[in-house]
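Report on the structure given below.
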Amino acid sequence: MKVFTARDLTQSHILDLKNKGLSIGLVPTMGALHQGHLALVKQAKQHNDIVIVSIFVNPTQFNNSSDLEKYPRTLEDDLKKLQSVNCDLVFTPTTEEMYDANEKAEIFDFDGLDKEMEGKFRDNHFNGVGTIVKKLFNITTPTNAYFGEKDFQQLQIIKKLVEITQQPVNIIGCTIHREADGLAMSSRNTRLSKEHRESAPFIYETLTQAKKLANTSTPSEVEKYVSDKFNNHHNLVLEYFSVANENDLKTATSFSNTQKQRGFIAAFAGEIRLIDNIALYELSN
Ligand code: AMP
């Protein structure tokens with residue numbers, strides 16, 4: 001497994017591989033890797049000759065400097081995990097390698113996708129995501145790039161990004177990986193206190209109950225149900241729960257057969273912000 005920090009070296013190495021006719025799969029990450037990330041790598045391995053994982057904690061997508069500072073960084077451990085799933089190349093640049101001094105996020109027109117849900121609470125977040133992903137695509141020129149449905153809004157925005165930038169890459173969405181108790185895997189989970197880690201599966205439990213309720217209720221009834229559940233919870237605080245259409249991410253006023261809808265949630269466990277979502281259209285158990 002090669003580990004590169006320089007963008008020029010990465011770019012020229014990949015160009016050589018592409019000239020040999022090899023396909024490239026890219027999995028962009030911010031490190032602190034868990035099984036959810038590795039599942040993306042395994043999926044990429046199945047469909048590409050060469051798999052590249054980028055590890056870069058991207059400053060322009062953080063609107064909270066303390067969250068950026070405290071973001072877990074575990075490079076040595078990450079490299080071991082990537083080796084174990086036969087990753088071919090890791091690109092782990094410094095901030096200086098990716099950004100000029102004082103460079104800000106590029107502003108994109110995501111057709112309103114960035115204004116919903118996360119966009120209401122994380123100012124400029126998706127411009128930061130778009131900026132770094134565009135740069136990563138330019139450097140690694142992947143055939144396919146893999147993103148988790150855990151960040152479903154991000155996945156839709158990346159699809160819009162390649163439409164806007166005309167970068168020739170297929171965007172592949174991958175299902176959410178969960179701990180045995182249902183908690184969506186996240187690098188942030190390692191920062192949960194013991195008490196909050198015990199409470200956190202409540203988020204997915206509530207999503208699955210919301211999904212059952214969606215069979216017989218309106219979106220606003222489901223939203224009220226979730227908000228009441230959190231109001232009665234002793235140590236989790238709901239930031240938002242929204243029933244929204246998958247394609248335009250707009251709040252749904254009714255469940256329809258023509259639009260696929262999901263429940264999207266963000267909640268605080270102490271100072272750790274957790275997000276999750278669930279498809280509401282597949283049959284409930
Ligand atoms: P991150 O390192 O948090 O930026 O995540 C890197 C990629 O892994 C993103 O495309 C995420 O959506 C994806 N990812 C993170 N957690 C999970 C998970 N639990 N299941 C599936 N994909 C995930």
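The values are calculated or read from the model by the stated rules, or taken from the named source; none is laboratory data. Remember, it's a predicted structure, so these values are computed and weren't measured experimentally. Positions of Cβ are backbone-derived with ideal geometry, glycine not excepted, and every protein chain shown enters the neighbour counts. The area values use the complete protein model at the heavy-atom level, side chains included, leaving out ligands, DNA and RNA. Shrake-Rupley method; radii C 1.70, N 1.55, O 1.52, S 1.80 Å.
Search region 51-66 for residues that are touching a residue at least 60 places away in the same chain (Cβ under 8 Å) and pair each with any residue that is crowded, with 18+ Cβ neighbours inside 10 Å and among the polar types (S, T, N, Q) when their beta-carbon atoms are under 6 Å apart and the residues are at least 6 apart or on different chains.
From residues that are touching a residue at least 60 places away in the same chain (Cβ under 8 Å), the pairs are I52/T140; T60/T131.
Filter region 156-187 down to residues that are crowded, with 19+ Cβ neighbours inside 10 Å and assigned to a helix (DSSP H, G or I) and give me whichever is nearest to the ligand (Cβ to nearest atom).
Of everything passing the filter in region 156-187, S187 is nearest to the ligand (Cβ to nearest atom).
Could you grab the pairs with beta carbons closer than 6 Å, sequence gap of 6+ or different chains, first residue in region 182-193 and in contact (Cβ under 8 Å) with a residue 12 or more places away in the chain, second one of a type in the set (A, V, I, L, M) and open to solvent by 20 Å² or more (accessible area, probe 1.4 Å)?
Pairs that qualify, where the first residue is in contact (Cβ under 8 Å) with a residue 12 or more places away in the chain and the partner is of a type in the set (A, V, I, L, M) and open to solvent by 20 Å² or more (accessible area, probe 1.4 Å), are A184/I176.
Just give me the residues in region 40-53 being open to solvent by less than 70 Å² (accessible area, probe 1.4 Å) and either at pLDDT below 95 or in a helix (DSSP H, G or I) (or both), in sequence order.
Listed by number, the residues that qualify are L40, V41, Q43, A44, K45.
If I filter region 54-71 for residues that are away from the ligand (no atom under 16 Å from the Cβ), modelled with pLDDT under 95 and open to solvent by less than 70 Å² (accessible area, probe 1.4 Å), do I get at least one hit?
First, pick out the residues of region 54-71 that are away from the ligand (no atom under 16 Å from the Cβ): 65-66, 69.
Then keep just the ones that are modelled with pLDDT under 95; that gives 65-66.
Subset that is open to solvent by less than 70 Å² (accessible area, probe 1.4 Å): 66.
Scanning region 54-71, I find at least one residue that is away from the ligand (no atom under 16 Å from the Cβ), modelled with pLDDT under 95 and open to solvent by less than 70 Å² (accessible area, probe 1.4 Å), so the answer is yes.
Quick check on region 112-127. Is at least one of its residues crowded, with 19+ Cβ neighbours inside 10 Å, within 15 Å of the ligand (Cβ to nearest atom) and within 22 Å of K45 (Cα to Cα)?
The answer is no; no qualifying residue exists.
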